[in-house]
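> Let me begin by handing over the structure; questions about it come next.
The values are calculated or read from the model by the stated rules, or taken from the named source; none is laboratory data. Note that the structure is predicted; figures quoted are calculated from it, not measured. Cβ atoms come from the backbone with ideal geometry, glycine included; neighbour counts cover every protein chain shown. Heavy atoms of the whole protein, side chains included, go into the accessibility calculation; ligands, DNA and RNA do not. Shrake-Rupley method; radii C 1.70, N 1.55, O 1.52, S 1.80 Å.
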Amino acid sequence: MLGLCICYYNYNYGSMLQAYATIKELEKRELSYQIIGYQKEKTIPFLVKNSFRIFNKTWVSEKKLLMQKKLSCMTNKKYAKNLKERNTYFSDFEKEFFEPYVRLCKGYHKLQEVVQDYDAILVGSDQMWSPSGLATNFYNLMFVPDKIKKISYASSFGVSKIPTYQKRRTKQYLSRIDYLSVRENRAAEIVNELTGRSALVAVDPTMLLSKEEWDEFSGTEKIVKEKYIFAYFLGTQKKQREEVEKLKAMTGLKIVTLRHLDEFVAEDENFGDFAPYKIGPKEFINLIKNAEYICTDSFHGSVFSSLFQKQFITFSRYKENTSVSKNSRIVSLLKNLGLEQRHFVGGDITTEMQKSIDYTVVEQRRKRMIENSKQFLNDALTKN
């Protein structure tokens, strides 16, 4: 029996789709698995231990974002209503694809107890190893005893630099993992810098499923009947919205967008011609595969844009000089697929968007990466 430590409960498209793809890949291999759901017990020792996270900039940034979102819901009834409507689609998806397989563990002691029932534990993908979550000792598999096989598939640190005070503990958990793969080039460099080990740069789980599989998953009926530009932004940069408006003026196409994803963005109330909220993971893929052009600052937005061979542009969500920047994952993805020119760093978007993409070369690169990733999984899941 394989135990999975995957991020299936975050109500965002990337997290849920990578978790879905992970279990679908395992089901193809006819493997028995359970998703380990860890519910922390907020005891005094736990709270004391986690209090040190107030010095972690990534954690502080994430909590600030969460608080702002809650405050926006309290003060803006329309936003709260729309968010609730979207979350219903996420909740339904979670109930259908994840909840039947979840084994809930309340408290760390329970976690250490149930892990004895598994032959191996797999963690991945997404930003499992963000510095903000180090203290929980869950996604780093520190709760797993030495005798049980530990596998990391395409795990990500989410940042390009590990805080100095976390390097010793990061090295400790990385050294315990038997089969080690990461999602970004920079993550592989971090692993090597801290441990001297080589980690495979594996594809995100969403890339393990074919275009045809995602096409079937997302349905045949178009959500938007006419041709459109799909704008999928997690960040708040006004300049990026202005670039999309330029593309609209050039093409004459309407803008379809998803508003207020990670936080409430007041300016977005007037951005886009159609902004639906009844959009779950399936509908999200539908919007991507049927778009004429895609503008995004999202890793998974870029993954699916390339998978469906779209004309797309990827913006940087973060300023490079910020300590919480997570741009490295997008840079790595585009570089590995030979799509560096789709990373918009300035210039005329109407010109950049029209540049042709040689998807024959992209698919050749993707195929090699997928083959290497699947071979990694073959070895990790079958060898003793």
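> Can you list residues whose amide H is under 5 Å from Arg103's amide H, if they're 5+ apart or on another chain and H is modeled 1.01 Å from N?
Amide H neighbours of Arg103: Ile35, Ile36, Gly37.
> With label points built 7 Å along Cα→Cβ from the Cα atoms of Met250 and Thr350, find their separation and express it in nm.
The two pseudo-label positions are separated by 0.7 nm.
> Could you give each residue of region 144-154 its phi-based ³J(HN,Hα) in whole Hz, using Karplus coefficients 6.51, -1.76, 1.60 with θ = phi - 60°, and x for Gly or Pro?
Listing the rounded values in order: 8, x, 4, 6, 9, 4, 10, 10, 10, 10, 6 Hz.
> Would you mind calculating the relative contact order of the chain from Cα pairs under 8 angstrom and at least 6 residues apart, reporting the percent as a whole number?
Working: 608 pairs, mean separation 63.1, N = 384.
Here the relative contact order equals 16 percent.
> Work out the FRET efficiency for Gln172 and Lys77 from their Cβ-Cβ distance, taking R0 = 35 Å, and round it to the nearest 0.05.
0.15
> How far apart, in nm, are the 7 Å Cα→Cβ label points at Arg197 and Lys335?
2.2
> A follow-up question, please. Quick one: grab the alpha carbon gyration tensor of region 178-333, order the square roots of its eigenvalues as a ≥ b ≥ c, and give me rounded if a/c is under 1.5, else prolate or oblate depending on whether a/b is larger than b/c.
It is oblate, given that a/c is not under 1.5 and a/b is not larger than b/c.
> Please report the carbon-and-sulfur percent of the accessible area for the chain; probe 1.4 Å, protein heavy atoms only, DNA, RNA and ligands left out.
Carbon and sulfur together cover 50 percent of it.
> Based on the mean of other Cβ atoms within 10 Å per residue, sort peptides 90-101, 240-251 so the most packed one is first.
240-251, 90-101
> Report the residue, chosen from Ala135, Ala19, Ala202, that carries the largest GNM mean-square fluctuation when the chain is represented by alpha-carbon nodes joined by springs under 10 Å.
The residue with the greatest mean-square fluctuation here is Ala135.
> Let me ask something additional. Picking from Ile190, Leu200, Tyr228, whose Cα lies most toward the positive end of the charge dipole for region 163-232 (charges on Cβ: Lys, Arg +1; Asp, Glu -1)?
Ile190
> Just the Cα atoms of region 246-288: what Rg and Dmax do they give in Å?
That works out to 11.6, 30 Å for Rg and Dmax.
> If you build a Gaussian network model of the chain, linking Cα atoms that sit under 10 Å apart, which residue out of Tyr79, Tyr20, Tyr232 swings the most?
The residue with the greatest mean-square fluctuation here is Tyr79.
> Further question: Taking only Cα atoms and a 10 Å spring cutoff, compute GNM fluctuations for the chain and point out the largest among Ala199, Ala266, Ala275.
Ala266
> Rounded to the nearest 0.05, what FRET efficiency do Gln364 and Glu27 have when you use their Cβ-Cβ distance and R0 = 22 Å?
Numbers: r = 27 Å, r/R0 = 1.25.
Given R0 = 22 Å and the Cβ-Cβ separation, E is 0.20.
> Magnitude of the Cβ-charge dipole of the chain, K/R +1 and D/E -1, about the Cα centre, nearest 20 debye?
Computed charge dipole of the chain: roughly 1200 debye.
> Measure up Lys150/Lys367; Lys42/Lys239; Lys149/Lys278; Lys28/Lys335; Lys69/Lys248; Lys24/Lys225 against 32 Å on the Cα-Cα distance and list the ones that go over.
Result: Lys42/Lys239; Lys149/Lys278 exceed 32 Å.
> Oh, and also: Using 1/(1 + (r/R0)^6) with R0 = 41 angstrom and r between the beta carbons of Glu41 and Thr236, what's the FRET efficiency to the nearest 0.05? Please list the in-between numbers first.
On the way: r = 35 Å, r/R0 = 0.86.
Computed FRET efficiency for Glu41 and Thr236: 0.70.
> Along the positive direction of the dipole of the chain (beta-carbon charges: Lys, Arg +1; Asp, Glu -1; about the Cα centre), which of Asn270, Asn12, Cys105 reaches farthest?
The one lying farthest along the dipole's positive direction is Cys105.
> In nm, give the distance between the simple-model label positions of Leu104 and Asp215, each being 7 Å from the Cα along the Cα-to-Cβ direction.
So the label points at Leu104 and Asp215 sit 4.0 nm apart.
> With charges only on Cβ, +1 for K and R and -1 for D and E, what is the dipole size of region 235-322 about its Cα centre, in debye, rounded to 20?
Value, rounded to 20: 240 debye.
> What list of ³J(HN,Hα) couplings, whole Hz, do you get for region 207-222 from phi and the Karplus terms 6.51, -1.76, 1.60, once you set θ to phi - 60° and write x for glycine and proline?
7, 6, 8, 6, 4, 5, 5, 5, 4, 5, 4, 8, x, 8, 7, 6
> Could you state the accessible area per residue of the chain in Å², with a 1.4 Å probe and every protein chain left in place?
46
> Debye calculation, C-alpha points only, no solvent: report log10 I(q)/I(0) for region 224-304 at q = 0.23, 0.24 Å⁻¹, in the same order as the q values.
Summing over Cα pairs of region 224-304 leads to -1.20, -1.32.
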